[in-house]
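Nothing in this text is a laboratory measurement; each read-out follows from the coordinates by a stated rule. Please read all numbers here as calculations on a predicted model, not as lab measurements. No Cβ is skipped: glycine too gets one built from the backbone with ideal geometry, and neighbour counts run over all protein chains shown.
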Ligand SMILES: Cc1cc2nc3c(=O)[nH]c(=O)nc-3n(C[C@H](O)[C@H](O)[C@H](O)COP(=O)(O)O)c2cc1C
């Protein structure tokens with residue numbers, strides 16, 4: 001299972017995601033390349049998670065511009081089993097929902113969906129109301145979810161080639177399925 005894991009700059013869900021991805025990386029067939037937005041690099045520093053990527057990924061690449069490092073091409077032509085973007089910020093969700101591809105990760109999503117490689121997105125701020133999260137020091141915090149962000153996520157659900165994951169359990173199920181099927185086993 002050869003995948004690209006795209007990380008955008010959301011603190012929400014980030015610690016839980018790392019727990020899931022560390023479990024995935026224990027499997028010998030897991031070959032994970034990480035790409036991260038500039039904002040993600042900042043957020044990972046705040047949450048002190050950057051070092052844990054070494055346990056998870058064979059390669060860790062940080063955005064320079066929309067085409068650098070160049071993963072959009074290999075993703076489009078099927079060199080990977082799938083693209084996962086988790087977490088997907090409200091900012092990147094808005095861009096993808098409106099066809100914008102001017103950052104590394106939004107460009108990878110756009111170009112990947114022009115080929116046959118599936119893209120899975122785990123957006124923050126999916127449901128109206130409020131969401132329980134944690135500050136970088138672990139303090140619990142309740143965020144108000146903006147209707148505009150929920151509307152953008154709902155739009156993502158209608159775009160061909162994109163699959164919206166509704167939480168960490170859905171992500172776990174995605175990996176259970178792929179690892180069980182042995183897709184792309186190294
Ligand atoms: C510590 C920290 C935590 C953040 N958490 C979130 C978050 O949970 N959700 C979100 O949408 N944006 C969050 N942001 C703001 C995004 O990083 C910002 O909108 C950025 O422009 C996103 O860029 P990207 O989508 O290219 O990663 C956070 C920023 C910082 C510094």
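Order these by the 10 Å Cβ neighbour count, fewest first: 177, 16, 160. Numbers along the way, then the final one.
On the way: 177 10, 16 15, 160 5.
So the residues, fewest neighbours to most, are 160, 177, 16.
Do you know the relative contact order of region 74-149, to the nearest whole percent, from alpha carbon pairs under 8 angstrom that are 6+ apart? Walk me through the numbers before you get to the answer.
Details: 114 pairs, mean separation 24.7, N = 76.
Once divided by the residue count of region 74-149, the mean separation gives 32 percent.
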What whole number of Å gives the distance from the Cα centroid of region 1-50 to the Cα centroid of region 125-186? 14 Å
Rounded if a/c is under 1.5, else prolate if a/b beats b/c, else oblate: with a ≥ b ≥ c from the C-alpha gyration tensor eigenvalues square-rooted, which is region 2-181? rounded
For 86-99, 28-41, ranked highest to lowest by mean beta-carbon neighbours within 10 Å, the order is 86-99, 28-41
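Output the relative contact order of the chain, whole-number percent, from Cα pairs under 8 angstrom with separation of 6+ residues. Before the final figure, lay out the partial values.
On the way: 377 pairs, mean separation 47.7, N = 186.
Reported as a whole number, the value is 26 percent.
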Estimated [θ] at 222 nm from DSSP helical runs (n ≥ 4, -39500 (n - 2.57)) normalised by residues in the chain, nearest 500: -10500 deg cm²/dmol
